[in-house]
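Please read the structure below before turning to the comments.
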Amino acid sequence: DGGITQSPKYLFRKEGQNVTLSCEQNLNHDAMYWYRQDPGQGLRLIYYSQIVNDFQKGDIAEGYSVSREKKESFPLTVTSAQKNPTAFYLCASSTVRTQTTPEQFFGPGTRLTVL
Amino acid sequence: AQTVTQSQPEMSVQEAETVTLSCTYDTSESDYYLFWYKQPPSRQMILVIRQEAYKQQNATENRFSVNFQKAAKSFSLKISDSQLGDAAMYFCAYRSHQGGKLIFGQGTELSVKP
């Protein structure tokens, strides 16, 4: 089955720790995205990548970092510089040819809690 | 910059009845895509329906249909014959024709009463 997987489902972090959220897709999509979801708000873009070894900051990139060494993988690191990291994190992917398939497909998400 | 607004934080509908969720957006672009995503309690984001701005015909997917008013920048979702499984958070989203990120509204939480 084609799809997007995220791990872990729940993650707990102590103050001052860096943690990495995993996102893998086997849809052969070139573009991948990380969104953050807070209660009462829509999703906000953290980082995105449209090709291997290249990525761009989204609207709320401060305190986060990413890498894109493989087409299938786009891990997100939440650093200690992120002041309020407790949130639900969603990974998505899409083709870059929006004329054929403009929608993004989402993984099941990771719930990060800072202790 | 584009923005998406959902002015109804919560809505309620009786099972088997029809409900309409509102969405307005702002853009200076002429070509773009609009989406409705559903997020049930599992929190998995599921695409419900999409609309291409260049198409005048409103999109329909089974019990789900949209009323796309391009001049008014309005994109409402109608759910007919509501079912208990329709209870979820619904997000309206915008994407430029050139691709890139989705821009989301704040969401509308729909409850379905048996």
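Return the residues of the range A:24-35 that are over 14 Å from the mean Cα position of the chain (by Cα) and either over 19 Å from A:Pro75 (Cβ atoms) or hydrophobic (A, V, I, L, M, F, W, C) (or both); say none if nothing qualifies. Residue satisfying the conditions is A:Leu27 alone. Scanning the range A:36-50 for residues that are more than 8 Å from chain B (Cβ to nearest Cβ), more than 13 Å from the chain's Cα centre (by Cα) and either free of Cβ contacts under 8 Å to residues at least 24 places away in the same chain or within 16 Å of A:Thr77 (Cα to Cα) (or both) gives a single hit, A:Pro39.
Residues of the range A:9-35 that are farther than 28 Å from B:Glu10 by Cβ, within 14 Å of another protein chain (Cβ to nearest Cβ) and surrounded by fewer than 17 Cβ atoms within 10 Å (Cβ to Cβ): A:Leu27, A:Asp30. In this structure, A:Leu90 does satisfy being out of contact with any Ser or Thr (no Cβ under 6 Å at 6 or more places or on another chain) and either surrounded by 14 or more Cβ atoms within 10 Å (Cβ to Cβ) or within 12 Å of chain B (Cβ to nearest Cβ) (or both).
Residue count for the range B:51-109 under the criterion of being among the charged types (D, E, K, R) and part of a strand (DSSP E or B): the result is 5.
Residues that are among the polar types (S, T, N, Q) and in contact with a Phe, Trp or Tyr (Cβ under 6 Å, 6 or more places away or on another chain): which strands (runs of 3 or more DSSP E) entirely in chain A hold 2 or more of them? Those strands (runs of 3 or more DSSP E) span A:110-114. In the range B:69-113, the qualifying residues are those that are surrounded by fewer than 17 Cβ atoms within 10 Å (Cβ to Cβ) and of a type in the set (Ser, Thr, Tyr), and the one that is farthest from B:Leu34 (Cα to Cα) is B:Ser111. No other residue among B:Asp26, B:Asp81, B:Asp86 is over 10 Å from the mean Cα position of the chain (by Cα), at positive phi and at pLDDT 95 or above apart from B:Asp81.
The values are calculated or read from the model by the stated rules, or taken from the named source; none is laboratory data. Keep in mind that this is a model prediction, so the values were computed, not measured. Note that we place each Cβ from the backbone using ideal geometry, even for glycine, and neighbour counts take in every protein chain shown.
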